[in-house]
Amino acid sequence: QTWHKACFHCEVCKMMLTVNNFVSHEKKPYCQAHNPKINAFTSVFDTPINMNAKKLSEVVSE
């Protein structure tokens, strides 16, 4: 895949990327923080709803 320099940005956050700080997933560029391979859900418990519930319970328990 070839990109114009101005078009070479993370698909999620739009951060400008270089050949040294990007990862490619399904022919799309991502920054390290939004790498779909790393951020993929690993179990039923890691769904967005369950993760949000966990955060809320941590706030309440403080």
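Please go through segment 1-41 and give me each residue that is within 26 Å of Met51 (Cα to Cα), of a type in the set (Lys, Arg) and at pLDDT below 90, ordered by number.
Answer for segment 1-41, where residues must be within 26 Å of Met51 (Cα to Cα), of a type in the set (Lys, Arg) and at pLDDT below 90: just Lys37.
Among (1) of a type in the set (A, V, I, L, M); (2) at pLDDT below 90; (3) closer than 28 Å to Gln1 by Cβ, there is one condition Ile49 misses while meeting the rest; what is its number?
(3)
Please enumerate the residues belonging to segment 18-37 that are outside any strand (DSSP E or B) and surrounded by 11 or more Cβ atoms within 10 Å (Cβ to Cβ).
Answer for segment 18-37, where residues must be outside any strand (DSSP E or B) and surrounded by 11 or more Cβ atoms within 10 Å (Cβ to Cβ): Asn21, Gln32, Ala33, His34, Asn35, Pro36.
The values are calculated or read from the model by the stated rules, or taken from the named source; none is laboratory data. Everything quoted here is computed from the prediction, not taken from an experiment. Backbone-built Cβ (ideal geometry, glycine too); neighbour counts: all protein chains shown.
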